[in-house]
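Visitor: One structure coming up, written as structure tokens, with questions to follow.
The values are calculated or read from the model by the stated rules, or taken from the named source; none is laboratory data. What you are looking at is a predicted structure, and each value in this text was computed from that prediction instead of being measured. Here Cβ is always computed from backbone atoms with ideal geometry, including for glycine, and neighbour counts include all displayed protein chains. Please note that ligands, DNA and RNA were not included when accessible areas were found on the heavy atoms of the full protein model with its side chains. Shrake-Rupley method; radii C 1.70, N 1.55, O 1.52, S 1.80 Å.
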Amino acid sequence: MDENGTGHRKTSERDDAREACKGCFVHSSSGDSLGKVQQPTEMRRNEKYTPLPIKEKRVDIINIKGIEDIGYVQQDSMILNSLCPEDDTQCGQGLYFHDGKRKVDYILTYHIKKPSGSKKYSSRFSENALARSIRRSRHHPSKKDPEIAAQDLSMDYHEDDKRFRREEFEGNLTEMGLELERDEDTKTPGVGFVKIHAPWNVLCREAEFMKIKMPTKKVYEVKQGSNLVEKINAFINKVTEPLHPNVEENRITTVKHLSYPFSREKQHLFDLSDKDSFFDSKTRSSIVYEILKRTKCTKAKYSMGMTSLLANGVYTAAYPLHDGDTNGENRAPNDRKLLYEEWASYSVFYKYQPIDLIRKYFGEKIGLYFAWLGVYTQMLIPASIIGIIVFLYGCATVDDDIPSMEMCDKRNNITMCPLCDKVCGYWKLSTGCATARASHLFDNPATVFFSIFMALWATMFMEHWKRRQMRLNYKWDLTGFEEEEDHPRAEYEFRVMQKTLKKEGKFKKTEKEKLTCRDRMPAYVTNLVMMLLMIGVTFAIVFGVILYRVSTKAALAMSSNPVTRSNVRLTVKATAAIINLVIILILDEVYGAIARWLTLLEVPKTDKSFEERLIFKTFILKFVNAFTPIIYIAFFRGSKRLVGRPGNYVYAFKSFRMEECAHGGCLMELCIQLSITMLGKQLIQNNLFEIGIPKLKKLIRYIKSKRRPFQEEEREKKLQHYETDYFLDPFAGLTPEYMEMIIQFGFVTLFVASFPLAPLFALLNNIIEIRLDAKKFVTELRRPIAARAKDIGIWYNILRGIGKIAVIINAFVISFTSDFIPRLVYQYMYSPDGSMHGFVNHTLSYFNVSHFQEGTEPHIPSNLGYKVEICRYKDYREPPWSPSAYDISKEFWAVLAARLAFVIVFQNVVMFMSDFVDWLIPDIPKDISQQIHKEKILMVELFMKEEQGKLNMLESLVGRGKDPKGMENCNSHSPSPQAHELKGSAVSLNAQNVDIL
């Protein structure tokens, strides 16, 4: 609307022209009414759009015959009041227009303010905004307070402004060839619906613009390699037949259609016998969505696209419809119902996923996610088996472990130094027997093997996924697909508009404005500061949990209950791990919201850029949040340099003595922390929240429905399909789904040396997660836009990075956190007989209790039955009677050298093996590369045959005495009528060639 009221004037003119129309309106390209439609349930065929000039459309029509057949003459597009009868069968439960023939491809919803009377929308629609405002103020001059009346007038103005934008936008949609039908008389109060249908000509035009590959009539035989490979594949398919879902797409076929980007000039290549099913619902909605993004409102002060209209509340939602219902035996079969039965049901948890059907219904991007999740889950099976074997090996050898036996032997009269100041007393080493035996379950020679195996497993998983991805790209005709630049986001358009308006008064506009780094600099600084602040908050919380452990340990040690004193360590470990879990769950939600806010501050131009930046920030914050407590336990808590020694401990705030690990090492505590965090996140955050929150929402809706004056069940029975979809949750993207799996992948690979059962718990979780996500996508979410993609994007690079970091972290865990290296050093350098006898005594140093700092010695008397003069502690230091008392001993340096050497050797060997596996396994399977090459050759042959047919036809016509100039026009941009005839003949000739090449 301009400043002179032109917008209101034009609206008034259009509304006045609609006064006589009581049913539906047919709009021309200019938006004016073309006359009254005689019957609401019939379309007028005598009215045509006035097409825009070709130059204005910027479309060059070159060498095209049959223009009416291929989509440049637009058919009627109508904005109607839905007069759907009560019988659902005539409207397909809301899946079709009121005529029962035109399918609903997309839905736009908007807020409406119902009038107090029972007036129809058409009468309300026939008045302009100014007239209604004046009439309202005139009819009730004394019933309202002036301030309330002013607020109502302002609200009416905003509503009318939104209606004006909707009219303009919908008029532009009709100019693009879409057909619209409006429905405000629904069972959903306050919501109006605009149903959109894309006719055949629009689908053809947009499919050509979007370069959508469609299967041609030509088919060719697909070979899977040598005869031996084919026999092996046939045997595997026969054995695993019960595991395949009962869907048509999963049946093994030996032929494949040759695909080619749809072209209106080459329609004869495609099977158009059934035009209604040629473009499936996924493709139709994608085409409509592309038109919606491209169409703009330009008569306002600034241009607004579909995203801007949604952001400003002009429309409240935009979504494609699901194909049908999932429940009911009498319902017509559809892809959604099939997905519900063969994919989203827990009873088919043992079956493979119908990936092709998922792609057909939801698009390639979502199909790739579930394909990746399926590959990841399958690869967890061998990892889980090896992890179980390693764990069982630890259980089987615990009684033969000499260091554990020495610690449990009560005849070894080893007195240990107090674990805390003042309140803790001396203790016997044999009391740590249970901890030592439990540590052996995870700290044994098999752990090193398992760490190497998991590093190679990660590489194998990535290689297997790349090959699987290439097979899907070939099968889904994505081999030549290249992502194009997306349309600008609403926030970006708004910022550009603000920048443009700001500069209009200062400078003459010379070029289109855009946001530069200088414009985003405050956002970049804010991002950096906030990211560092959030990481600092995570570190501070971890430090707070450390203080909790120290203070709680001291408090429990003072208890008069002997049971409490004997279980101090276990109590502190468990409660601290649970506190860490709760904090991680809370901060995950907080960090997710902060990451989105920071990304919005940057104002990325496209949705792809926004998604990548959001993923990067969210991953950094959630990764630090989940793994900081684990990293502290693994690498800092057990460090003697950060803990100190008796008589010279390290204190925090001069009063809290830093905690140290038990004699069995920190690996057991690391395992406890890792298992509680991993299982807690999976059970509470991933499963309980995803299952419980929707159930709770449904329960709340049910309770509210009982309080309403009408029965909720009766209302739901009469709801149209687009109304039921409106009440579903909007699709929020795949980022949360990927993020929880990536964090889980970190748990499985990064610290797997301390928790070999991690792959097993991940496998069990993913079996549930797949069906949980499937049910959510099929029944609880609106149908997402089918986005095309040929890979999983930035997530692949994150996975590779985690795999590389996992090698380094596991090397340090084995070397510095476990006792694997000290045991090897003792056995081969210090053991008198080459065995592990005497290892425990070798790792303990001596301390004279008279050397305690003043005020730190135990205040309670010794309950051991004798006076303690010398106590032991775990470290490599000189004894108090040595000239260099309490200095680091030479054994320490030998062990440190061995640890560093192990890290270097382990890292390089595993990296080399991973790179060798990466090099050995090709990214593209050989049979797929051969089939891609074969497709190119067949495509060339196809067009060569077509051209040869045209030349033969030209020669035959020349031989009959036709004008030979027609040959000169074969490749011209302005073909003669003869050339058109020849082309049509060649088309009809080639259309008969449907042989198997």
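Visitor: Over the range 535-649, how many pairs of lysines fall under 24 Å by alpha carbon, counting only those 8 or more apart in sequence or from different chains? Please report the intermediate quantities before stating the final value.
Guide: On the way: 553/573; 553/640; 573/622; 573/640; 605/617; 608/617; 608/622.
Number of lysine pairs found: 7.
Visitor: Next question. With the Cα gyration tensor of the range 823-884 giving a ≥ b ≥ c as the square roots of its eigenvalues, does the rule (a/c under 1.5 for rounded; else a/b larger than b/c for prolate; else oblate) give rounded, prolate or oblate? Intermediate results must be reported in sequence, preceding the final value.
Guide: Working: a/c = 3.20, a/b = 2.03, b/c = 1.58.
Prolate, because a/c is 1.5 or more and a/b exceeds b/c.
Visitor: Under a point-charge model restricted to the Cβ atoms of Lys and Arg (+1) and Asp and Glu (-1), what is the dipole moment magnitude of the range 401-489 relative to its Cα centre, in debye to the nearest 20?
Guide: Values: 11 positive and 12 negative charges, 133 e Å.
Approximately 640 debye in magnitude.
Visitor: Report the extension gain between residue 547 and residue 679 in nm, rounded to one decimal, defined as 0.36 nm multiplied by the number of residues separating them, less their alpha carbon distance. Walk me through the numbers before you get to the answer.
Guide: Details: separation 132, 0.36 × 132 = 47.52 nm, distance 2.46 nm.
Contour length minus Cα-Cα distance gives 45.1 nm.
Visitor: Let me ask something else about it. Provide the per-residue ³J(HN,Hα) series for the range 771-785, in order, calculated from phi with Karplus coefficients 6.51, -1.76, 1.60 and θ = phi - 60°, each as a whole number of Hz, with x at glycine and proline positions.
Guide: Computed from phi, the couplings for the range 771-785 are 6, 5, 5, 4, 5, 5, 5, 7, 10, 10, 10, 4, 5, x, 5 Hz.
Visitor: Please say if the range 173-271 is rounded, prolate or oblate, where rounded means a/c under 1.5 for a ≥ b ≥ c the square roots of the C-alpha gyration tensor eigenvalues, and otherwise the choice is prolate for a/b larger than b/c and oblate otherwise? List each step's numbers first, then the result.
Guide: Numbers: a/c = 5.28, a/b = 1.76, b/c = 3.00.
Oblate, because a/c is 1.5 or more while a/b does not exceed b/c.
Visitor: Could you work out how much longer the chain between residue 597 and residue 428 gets when fully extended? Use 0.36 nm per residue separation minus the Cα distance between them, nm to one decimal.
Guide: On the way: separation 169, 0.36 × 169 = 60.84 nm, distance 5.49 nm.
Between residue 597 and residue 428, full extension yields 55.3 nm more.
Visitor: Ignoring ligands, DNA and RNA, please state the percent of accessible area on the range 533-676 from carbon and sulfur, probe 1.4 Å. Spell out each step's value before the answer.
Guide: Numbers: 4160 of 5920 Å².
Of all accessible area on the range 533-676, carbon and sulfur atoms account for 70 percent.
Visitor: Give me the net charge for the shell around residue 462: Cβ to Cβ below 9 angstrom, other residues only, Lys and Arg +1, Asp and Glu -1. Before the final figure, lay out the partial values.
Guide: Details: positive: 466, 800; negative: 463, 918.
Cβ neighbours under 9 Å give a net charge of 0.
Visitor: On the protein heavy atoms, probe 1.4 angstrom, tell me the percent of accessible surface of the range 871-953 carried by carbon and sulfur. Numbers along the way, then the final one.
Guide: Working: 3310 of 4830 Å².
Answer for the range 871-953 is 68 percent, counting heavy atoms of protein chains only.
Visitor: Another question about this same structure. Return the long-range amide H neighbours of residue 415 (sequence gap of 5 or more, or a different chain), with a cut-off of under 5 Å between placed amide H atoms.
Guide: 872
Visitor: How high is the FRET efficiency from residue 526 to residue 585, r the C-beta distance, R0 22 Å, rounded to 0.05? Please list the in-between numbers first.
Guide: Working: r = 26 Å, r/R0 = 1.19.
Result of the calculation: an efficiency of 0.25.
Visitor: Calculate the FRET efficiency for residue 830 and residue 919 from the Cβ-Cβ distance with a Förster distance of 35 Å, rounded to the nearest 0.05. All intermediate terms of the calculation are to be shown ahead of the outcome.
Guide: On the way: r = 42 Å, r/R0 = 1.19.
So, using R0 = 35 Å, E works out to roughly 0.25.
Visitor: Excluding residue 105 itself, what net charge comes from residues whose Cβ is under 10 Å from its Cβ, given Lys and Arg +1 and Asp and Glu -1? If you can, show how the numbers build up before the last one.
Guide: Details: positive: 102, 103, 195, 284; negative: 179.
Once positives and negatives cancel, what remains is +3.
Visitor: For the range 565-666, just say rounded, prolate or oblate: build the C-alpha gyration tensor, square-root its eigenvalues into a ≥ b ≥ c, call rounded for a/c under 1.5, and beyond that prolate if a/b exceeds b/c, oblate if not. List each step's numbers first, then the result.
Guide: Working: a/c = 3.36, a/b = 2.54, b/c = 1.32.
Cα axes put the range 565-666 in the prolate bin.
Visitor: Here's a follow-up. Leaving ligands, DNA and RNA out of it, rank 914, 551, 277 by accessible area with a 1.4 Å probe, largest first.
Guide: Values: 914 5, 551 50, 277 70 Å².
Highest to lowest solvent-accessible surface, that is 277, 551, 914.
Visitor: Using only Cα atoms, locate the centre of the range 324-373 and the centre of the range 517-540, then give the distance between them in Å, rounded to an integer.
Guide: Cα centroid of the range 324-373 versus Cα centroid of the range 517-540: 42 Å apart.
Visitor: Which whole-angstrom value gives the distance between the alpha carbon centres of the range 846-904 and the range 384-399?
Guide: Each part reduced to its Cα centre gives a spacing of 34 Å.
Visitor: Obtain the nm distance between the two label points defined at residue 870 and residue 561 by a simple spin-label model: each point lies 7 Å from its Cα along the Cα-to-C-beta direction.
Guide: It works out to 3.8 nm between the two label points.
Visitor: Starting from the residue with the highest accessible area, list 437, 569 in decreasing order, probe 1.4 Å.
Guide: Details: 437 90, 569 50 Å².
These residues rank, largest area first, as 437, 569.
Visitor: With a 1.4 Å probe and all protein chains kept in place, how do 857, 168 rank by accessible area, largest first? Write down the numbers at each step before the final one.
Guide: On the way: 857 70, 168 15 Å².
The ordering from most to least exposed comes out as 857, 168.
Visitor: Whole-Hz Karplus ³J(HN,Hα) for the range 189-204, in order, using 6.51 cos²θ - 1.76 cosθ + 1.60 and θ = phi - 60°, x for Gly and Pro?
Guide: x, x, 10, x, 10, 10, 8, 10, 10, 9, x, 4, 5, 5, 4, 5
Visitor: Place a label point 7 angstrom from the Cα of residue 263 along the Cα-to-Cβ direction, then list the residues of the range 926-945 whose backbone nitrogen is under 13 Å away.
Guide: Flagged as within label range: 939-945.
Visitor: Can I ask one more? Where only protein heavy atoms count, and the probe is 1.4 Å, what is the accessible area per residue for the range 329-482 in Å²?
Guide: Per residue, the range 329-482 has an accessible area of 41 Å².
Visitor: Spelling out what I want: for every residue of the range 459-466, take phi, set θ = phi - 60°, compute 6.51 cos²θ - 1.76 cosθ + 1.60 (Karplus), and round to whole Hz; glycine and proline get x.
Guide: 5, 4, 4, 5, 5, 4, 5, 4
Visitor: Please give the FRET efficiency for residue 955 paired with residue 246, using the beta carbon to beta carbon distance and R0 = 56 Å, rounded to the nearest 0.05. Please list the in-between numbers first.
Guide: Numbers: r = 54 Å, r/R0 = 0.96.
After rounding, the FRET efficiency stands at 0.55.
Visitor: Taking the alpha-carbon centroid of each part, what is the distance from the range 740-792 to the range 165-209 in angstrom?
Guide: When both Cα centres are located, 37 Å separates them.
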